[in-house]
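The values are calculated or read from the model by the stated rules, or taken from the named source; none is laboratory data. Fair warning: this is a prediction, and the values are worked out from it, not measured in the lab. Cβ coordinates were reconstructed from backbone atoms using ideal geometry, including for glycine residues, and neighbour counts include every protein chain displayed.
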Amino acid sequence: MARILKRRTASQNIANIRTVECDLLAYWRETGFDVVVAIGVLDGIEDWQSFLDRCFSLARRRVIVTVPQFSVWSRFYWVFSKMSRSPTRIYKPEELINHLKGYRVRFYETGLRTRFTHGLTLVVVIEKDS
């Protein structure tokens with residue numbers, strides 16, 4: 001994902017985006033960032049609350065994360081992840097909202113959706129109150 005982002009921003013001469021690939025919990029930056037984005041990270045993190053808190057310690061305005069949500073598709077995803085010995089965590093919007101009290105939270109559902117099923121992934125946009 002970082003490689004794709006770097007290539008796209010370079011091809012469009014966008015200079016105000018900094019891509020950092022690192023251990024977020026160990027990363028230090030005095031000034032922080034306007035926005036912190038974590039795509040596909042919370043699937044495999046046990047202490048997701050601390051991870052989100054760390055994202056906010058580095059973000060001045062907004063954090064954007066993706067999480068798998070409970071759905072028919074996530075059950076398949078979970079089974080296959082368990083078979084590969086790296087079980088995926090599946091999220092309910094309510095648990096995220098409970099942890100993110102005091103923030104504005106918006107959810108955008110993505111992935112394969114039908115009339116009868118939810119998509120696999122939620123894009124969660126979390127903004128600090130000004």
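Assorted remarks:
- Thr66 falls short of the stated requirement of being part of a loop (DSSP other than H, G, I, E, B), closer than 29 Å to Tyr103 by Cα and within 14 Å of the chain's Cα centre (by Cα).
- Leading residue by the ranking (surrounded by the fewest Cβ atoms within 10 Å (Cβ to Cβ)) among those in the stretch 12-28 that are aliphatic (A, V, I, L, M) and closer than 22 Å to Phe51 by Cα: Ala26
- Condition broken by Phe56, with the remaining ones in (1) surrounded by 16 or more Cβ atoms within 10 Å (Cβ to Cβ); (2) in contact with a Phe, Trp or Tyr (Cβ under 9 Å, 6 or more places away or on another chain); (3) aromatic (Phe, Trp, Tyr); (4) free of Cβ contacts under 8 Å to residues at least 60 places away in the same chain satisfied: (4)
- The stretch 86-110 - residue that is assigned to a loop (DSSP other than H, G, I, E, B) and surrounded by 13 or more Cβ atoms within 10 Å (Cβ to Cβ) and, of those, modelled with the highest pLDDT: Leu100
- Selection within the stretch 33-48 - exposed (fewer than 14 other Cβ atoms within 10 Å of the Cβ) and part of a helix (DSSP H, G or I): Gly44
- Among the residues making up the stretch 83-103, a single one is free of Cβ contacts under 8 Å to residues at least 12 places away in the same chain and small (Gly, Ala, Ser): Ser84.
- Of all residues assigned to the stretch 59-66, at least one qualifies as being surrounded by 12 or more Cβ atoms within 10 Å (Cβ to Cβ), free of Cβ contacts under 8 Å to residues at least 60 places away in the same chain and under 26 Å from Gly119 (Cα atoms).
- Residue match in the stretch 10-31 (condition: of a type in the set (Lys, Arg) and without any contact (Cβ under 8 Å) to a residue 24 or more places away in the chain): yes
- Scoring Thr9 on the criteria (1) buried (at least 17 other Cβ atoms within 10 Å of the Cβ); (2) farther than 14 Å from Val125 by Cα; (3) polar (S, T, N, Q) leaves a single failure, condition (1).
- Within the stretch 14-52, the set of residues being in contact with a strand residue (DSSP E or B) (Cβ under 9 Å, 6 or more places away or on another chain) and charged (D, E, K, R) comprises Arg18, Asp34, Asp43.
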